[in-house]
């Protein structure tokens, strides 16, 4: 069932991207109200499937840099997990096939193309948190190290990479906050430099398949770090 549900993700992604780039009147598709067995779905099931569709669509938009979608917490990893767990739970409870669930999810996505998937996903965040609890957000130290290492890796692949240059700037922007965090722990400047080097080493280890400890090396952690780097520091 999990693999069958994954096949719907590209369909939802296509609807999300088309809806984001064209007027709703051009993206509407005929609903699929006649799916056999649909009557087994409770109102709560339909709510959860609608949330799953919205989250999947917003995750796609976040990956494509949509500003409104990026205002929500990163949903690339947690969203996919929520989508899979929701589909599997409802399939088990209702004995519906993956085909029927696919039709219901597609219909929900088509409706969200009109209503706005981002607003619906925002309203569903509590549901996502209940099913897949969020991890603690990475702090300035972890993000300073992660974005810096990512920049190095991309530069090694392509010396002219625009993304590498952007990540290097974002890492540099987080350096004062990272050092302030360590200073608050009563770590002297020499110790701060050593701790930052250790954090960077942990990121490299995680990228190479090792245990990176607290380094959240995935799309969600990366998104959170970029958001932190782009958020003006609080004053006063």
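The values are calculated or read from the model by the stated rules, or taken from the named source; none is laboratory data. Computed from a predicted model, the values in this text were never measured in an experiment. Cβ coordinates were reconstructed from backbone atoms using ideal geometry, including for glycine residues, and neighbour counts include every protein chain displayed.
From the list 188, 218, 211, which residue is farther than 30 Å from residue 49 by Cβ, surrounded by fewer than 20 Cβ atoms within 10 Å (Cβ to Cβ), modelled with pLDDT under 95 and outside the structural domain of residue 51 (by TED's automatic domain parsing)? Give the steps one after another, and end with the answer.
Details: 188 fails: modelled with pLDDT under 95; 218 fails: farther than 30 Å from residue 49 by Cβ.
Of the residues listed, the single one that is farther than 30 Å from residue 49 by Cβ, surrounded by fewer than 20 Cβ atoms within 10 Å (Cβ to Cβ), modelled with pLDDT under 95 and outside the structural domain of residue 51 (by TED's automatic domain parsing) is 211.
Being farther than 14 Å from residue 48 by Cα and part of a helix (DSSP H, G or I) is the filter here; which residues of segment 93-121 pass it?
98, 99, 100, 103, 110, 111, 113, 114, 115, 118, 119 - these are the residues of segment 93-121 that are farther than 14 Å from residue 48 by Cα and part of a helix (DSSP H, G or I).
As an exercise: evaluate residue 126 against (1) assigned to a helix (DSSP H, G or I); (2) surrounded by 20 or more Cβ atoms within 10 Å (Cβ to Cβ); (3) within 20 Å of the chain's Cα centre (by Cα) and give the number of the one condition it does not meet.
Only one criterion is unmet by residue 126, namely (2).
Which condition breaks for residue 135 when tested against (1) under 24 Å from residue 82 (Cα atoms); (2) assigned to a helix (DSSP H, G or I)?
(2)
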